[in-house]
Amino acid sequence: MSRPNDRIQDPWGARTPYAPGTPWPERVDQRLADGVTEDDIERWVPAASVLHSNGDAMDIAVAQGRIAGVRGRPGDRVNRGRLGPKDLYGWQANHSADRLTRPLVRRDGRLVECDWDTAMDRLATRSRELLDTKGPGSIGFYTTGQLFLEEYYTLAVLAKAGIGTNHLDGNTRLCTATAAEALKETFGCDGQPGSYEDFDHADTIALFGHNMAETQTVLWARVLDRLEGPTPPRLVCVDPRHTAVARRAEVHLAPRPGTNVALLNALLHEIIRTGRVDRDYIERNTVGFEELAAMVEPCTPRWAAGICDVPAAAIQGAAEILGGAERLTSTVLQGVYQSHQATAAAVQVNNLHLIRGMLGRPGCGLLQMNGQPSAENTRECGADGDLPGFRNWQNDEHVEELARIWNVTPEKIPHHGPPTHAMQMFRYAEQGSLRMLWISGTNPAVSLPELSRIRSILAQERLFVVVQDLFLTETAQLADVVLPAATWGEKTGTLTNADRTVHLAEKAVEPPGEARPDLDIFLEYARRMDFRDKDGGPLITWHDPESAFEAWQRCSAGRLCDYTGLSYDKLRDGGIQWPCTPDSPEGTARLYTDGFPFAHPDACESYGKDLVTGATVEPVEYRSLNPDGKAVLRAAEYVPPHEGTSPEHPLLLITGRTVYHFHTRTKTGRAPELNAAAPDVWAEMSPEEASRQGLADGDLVQVTTPRGAIRARLRTTAMRDGTVFVPFHYGYWDTPQGHRPPDDGPGRAANETTITDWDPVSKQPLFKTAAARVTLVARRDTATRARTEAGSRT
Ligand SMILES: Nc1nc2c(c(=O)[nH]1)N[C@H]1C(S)=C(S)[C@@H](COP(=O)(O)OP(=O)(O)OC[C@H]3O[C@@H](n4cnc5c(=O)[nH]c(N)nc54)[C@H](O)[C@@H]3O)O[C@H]1N2
Ligand SMILES: Nc1nc2c(c(=O)[nH]1)N[C@H]1C(S)=C(S)[C@@H](COP(=O)(O)OP(=O)(O)OC[C@H]3O[C@@H](n4cnc5c(=O)[nH]c(N)nc54)[C@H](O)[C@@H]3O)O[C@H]1N2
Ligand SMILES: [Mo]
């Protein structure tokens, strides 16, 4: 058993090499609080990790009513006992002294403590006033990918069939809206095709815009164990930076940010040109091959080399590896989803797998990744605005089916147009048609683009802002009502990871003070609002996590995400992949082993969109394109990014993550080991680019875009020239008095600088394509050099 005190230094732990087709060996990672021994532990409570999408199964150690540590569960299919640094240390935030313990309401401009009755009464009273005077369209909900399934489903039902608003979205819009959209475009329906077990079988692994080494450390450990075992897979990495993934790759393509479509079209061009396609598979399973072949015909490696600034020979080399693979596993993440032409690019990876017939077999894993622990649940339950159970808002029969399940009239469920995406909701709030915004489990004052605008929207007098969180975040400081939530370890519920594995996470300890589970808060709101079904009975008939889960099971029946074969009891034995039905009680490793039932026009979640403009495809068009429900090969032309470089802003700015922090650091910033590993923001640039800009490692620099500026220490490192990278984790400046917003000068949150722009298809914001300049503020000194070196070294 490894006892990893130095997992800050070595995020992936010791190697356990293995051969293709054999099971990944177990290795149990454990971390107990200083001074606690195993004898002190009163019980171990099963859970799964919530600081990424990998779904690592773990047990929470409880001693004297507190969380005293964690250990990985060896029997679980996802991690076989391993945990990453954030999971080994991050739980300490649960017991942080500054947890919210009582509700707050704004009185005379200040947030003051109150009891739950006062806070909930204010919330329900304002909701009723708005419903009476302005209608359901004046109320919006902005949730997360970090709650439990039971909570999302309850929120979706109360928003759609209780309030009747179309303004419901998750921060999954910033995260995996493109994954969902790419799957809908190709397969007619969201739902991850592949399985993590595909890494055990693959002969080739390709990572597109996915820094797996830092963002899914346990999955990367699995890849490392294959790389160091017999008959290792070949590895292709597409990332502008020399990440730890890139360093292990046989071919690393470092494209100019925002040019993924050009690169992928050239890869497809080469694979088709050299005849490395599976004609039989294409014929039996797809529509659209001729259009795709025609689109990529002019996209030679030489053409792409000019756009992406990658050597044509390297593109050819990558195409040879991908074209020669017999068991190809690919992943796609934010380097694609948050970049220019997000959906168009993600879809080309689907196309790569389809034209090579690399789907539905061991080792042929297509993984349009998730980021957050329960983003899958946000999407399948409809808390991202989609209809629950991957139902199609343009299909009246789907709406009627949902209305029957909820016992409401179909008219009650908004389906006159696409659900309002998060950026549009903030726009409505800015314009004044949206008057109440209930934010749960997300910190938009740090995570949305162009923060000065977001702050001014949230601070408006006329907008009633409710924030449900664990801490008084940057966002909560702008709220009218703050509701203290219980979190992981303090409440029970299920969560589904990026490869459809459902885990049950159980309550281990009591929440602090009066903090309550999100489910209880939503149920209490529904009770106060007295939401009714069409016969006058209560709309929401469940009262606790397990009964909410059972309600969801009924809603999921017959859909791709079918949960009817699961139960809390069964999940206590470990994670199971949906669909799981009475006929497939062990769950389903891979989708699309035999056809594409949810691409059929009667069953599909979406009829698709134009990949360049985002215009919706009409039902009749889809029916004539794909009458029998095959996978759709959708082609897309490369178009240049909206914001290019200029003499004033000569660099391309990309933002992203470090291994030690999760998002806006509300948890990892409160875990001493993680905080110390990367205490403050920095900016990365190649040494050559730095000297071209007159800068050197350790200098204090200012990164400026047309939206705003931040200050950061410069770290020179291997990455492509002409590019600057900033981690987005750091919110307002920390001061001895608390947080200071950047009212009077440059801030440190990357999103002060990012652009209000989104992919036209998925509506996911472009956090990774903008132009910037980097200028000197002060030369480094010895002390600051030491500080920057304490940061991410992976
Ligand atoms: N440590 C840690 N792990 C996490 C999280 C965290 O905050 N911290 N968050 C979780 C969540 S919610 C998510 S969504 C995932 C995100 O996981 P990732 O997507 O792996 O993380 P990012 O750092 O956002 O972006 C990945 C890479 O995209 C590259 N990139 C930028 N622009 C482009 C481009 O135009 N093309 C290509 N091909 N690549 C580009 C960046 O250089 C970066 O290395 O991580 C999850 N896991
Ligand atoms: N520039 C830039 N911006 C980005 C990105 C990027 O790469 N670059 N990535 C984007 C992506 S992929 C994502 S996912 C978002 C993440 O952005 P956010 O969602 O804003 O980030 P978090 O810090 O995870 O915020 C989650 C909040 O929920 C609270 N919370 C945690 N658990 C619970 C719970 O059980 N109940 C309740 N009620 N609250 C809880 C936490 O304290 C925290 O305040 O950021 C996006 N923004
Ligand atoms: Mo995310």
* Structure fact -> Expected unfolding gain across Arg528-Thr593 under the 0.36 nm per residue rule, minus the alpha-carbon gap, is 18.7 nm
* Asked: In the stretch 436-479, what trypsin sites (Lys or Arg not before Pro) fall in a loop by DSSP, with at most 12 other Cβ atoms inside 10 Å?
  -> Arg462
* If amide H atoms are built 1.01 Å from N in the plane of the peptide, which residues on other chains or at least 5 residues away come under 5 Å of the amide H of Gln577? -> Val502, Thr588
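Which of rounded, prolate, oblate describes the stretch 651-790, given a ≥ b ≥ c as roots of the alpha-carbon gyration tensor eigenvalues and a/c under 1.5 marking rounded, otherwise prolate only if a/b is larger than b/c?
Rounded is the answer for the stretch 651-790, as its axis ratio a/c remains below 1.5.
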* Structure fact -> Which residues qualify? For Ser762, with a placed amide H closer than 5 Å and at least 5 residues away or on another chain, they are Thr343
* Going highest first, how would you order 246-253, 88-95 by mean Cβ packing within 10 Å? -> 88-95, 246-253
* Given Cα pairs under 8 Å that are at least 6 residues apart, what percent is the relative contact order of the stretch 241-346? -> 38
* Are there trypsin sites (Lys or Arg not before Pro) in the stretch 470-530 that DSSP marks as loop and that have at most 12 other Cβ atoms within 10 Å, and which are they? -> none
* Sum of -39500 (n - 2.57) over DSSP H runs of 4+, divided by residues of the chain (222 nm, nearest 500) -> -8000 deg cm²/dmol
* Does the chain come out rounded, prolate or oblate, given a ≥ b ≥ c as the square roots of the eigenvalues of its C-alpha gyration tensor, rounded meaning a/c under 1.5 and, failing that, prolate meaning a/b above b/c? -> rounded
* **Thr655, Thr593 arranged by Cβ crowding within 10 Å, fewest neighbours leading** => Thr593, Thr655
* **Derived scalar couplings ³J(HN,Hα) [the stretch 396-412; Karplus, 6.51 cos²θ - 1.76 cosθ + 1.60; whole Hz; x for Gly, Pro]** => 4, 5, 5, 5, 5, 4, 5, 4, 5, 4, 8, 6, 10, 7, x, 5, 5
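Contact order normalised by length for the chain, with contacts defined as Cα pairs under 8 Å and 6 or more residues apart; what percent is it?
18
Give, in nm to one decimal, the length gained when the segment between Gln431 and Asp602 is fully stretched (0.36 nm per residue of separation minus the Cα-Cα distance).
Values: separation 171, 0.36 × 171 = 61.56 nm, distance 3.77 nm.
Separation in residues times 0.36 nm, less the Cα-Cα distance, equals 57.8 nm.
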* Name the long-range amide H neighbours of Arg234: under 5 Å, sequence gap of 5 or more, or other chain; modelled H, no Pro or chain starts. => Thr204, Ile205
* Structure fact -> Rounded to the nearest 0.05, FRET efficiency between Asp544 and Ala33 (Cβ-Cβ, R0 25 Å) equals 0.25
* To do: Using the number of other C-beta atoms within 10 angstrom as an exposure proxy, rank Val261, Val446, Val408 with the fewest first.
  => Val408, Val446, Val261
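If you take the square roots of the eigenvalues of the alpha-carbon gyration tensor of the stretch 479-597 and sort them as a ≥ b ≥ c, do you get rounded (a/c under 1.5), prolate (a/b over b/c) or oblate?
Judged from the Cα gyration tensor, the stretch 479-597 comes out oblate (a/c at least 1.5, b/c at or above a/b).
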* Asked: How many lysine pairs in the chain, separated by 8 or more positions in sequence or lying on different chains, have Cα atoms less than 21 Å apart?
  -> 19
* To do: Would you mind calculating the gained length between Arg572 and Ser96 on full extension (0.36 nm times residue separation, minus the Cα-Cα distance), in nm to one decimal?
  => 168.5 nm
* What ranking do Ile41, Ile205 get, fewest neighbouring Cβ atoms within 10 angstrom at the top? -> Ile41, Ile205
* Percent of beta bridges antiparallel (DSSP, the chain, rounded to nearest 5) -> 50
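Based on the mean of other beta carbon atoms within 10 Å per residue, what is the order of 360-373, 144-157, 564-577, most packed first?
Working: 360-373: 25.3, 144-157: 29.0, 564-577: 17.6.
Those peptides, ordered most packed to least, come out 144-157, 360-373, 564-577.
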* Report the relative contact order of the stretch 651-790, percent, no decimals, based on alpha-carbon pairs under 8 angstrom and at least 6 residues apart. => 34
* Structure fact -> Reduced to Cα centres, the span from the stretch 256-327 to the stretch 394-457 in Å works out to 37
* Could you check what % of the DSSP bridge pairs in the stretch 651-790 are antiparallel, to the nearest 5? => 65
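Since every read-out is calculated from the coordinates, none of them should be taken as a lab result. As the structure is a prediction and not an experimental result, all values here were calculated from the model. FYI the Cβ positions are ideal-geometry reconstructions off the backbone, even for glycines, and counts take in every protein chain you see.
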